[in-house]
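We did not get these values from a lab; they are worked out from the coordinates using the rules stated. Only a predicted model underlies this, so the values are computations on that prediction, with no experimental measurement involved. Using ideal geometry, Cβ is built from the backbone for each residue, glycine included, and neighbour counts are taken over all protein chains shown.
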Amino acid sequence: MATAIKKTRATLPDRAARVVPGAAALEFRVYRDNGGRYNWEIVDDGGESLVHSSSFASRDDAVRAARHVYEGACSARFELDVPKERQTVAA
């Protein structure tokens, strides 16, 4: 009598476990501001804020937005020369 083979799915390693040599250690942080709204930011290993989000009404919304950025970052294009029609002016 033959024995059934159990099929299992391979699991991918956690993205956080993959370290790129020479890359900066970055961290996402979600916090509540003095006005009671929530924000997320990306900080470097020295604690300096590199990116700061707009504010969100709930912590869950801020976490969801931060996770969206985190998960999409690995597939983002890196463009040094942005076409003029896509450039924005800082307010």
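Segment ARG59..ARG77, full-extension length gain: 3.6 nm, with 0.36 nm per residue of separation and the alpha-carbon distance subtracted. Size descriptor for region 33-91, Kirkwood hydrodynamic radius: 13.7 Å (Cα pairs only, one decimal). Along region 24-41 the Karplus relation, 6.51 cos²θ - 1.76 cosθ + 1.60 evaluated at θ = phi - 60°, assigns HN-Hα couplings of 5, 7, 10, 9, 8, 10, 10, 8, 9, 8, 5, x, x, 9, 10, 9, 10, 8 Hz to successive residues, with x for each Gly and Pro. Charge tally for ALA24 (other residues, Cβ to Cβ under 11 Å; Lys, Arg +1; Asp, Glu -1): -4.
Label point of ALA25 set 7 angstrom out along Cα-Cβ; within region 44-69, amide nitrogens under 15 Å from it belong to 44-48.
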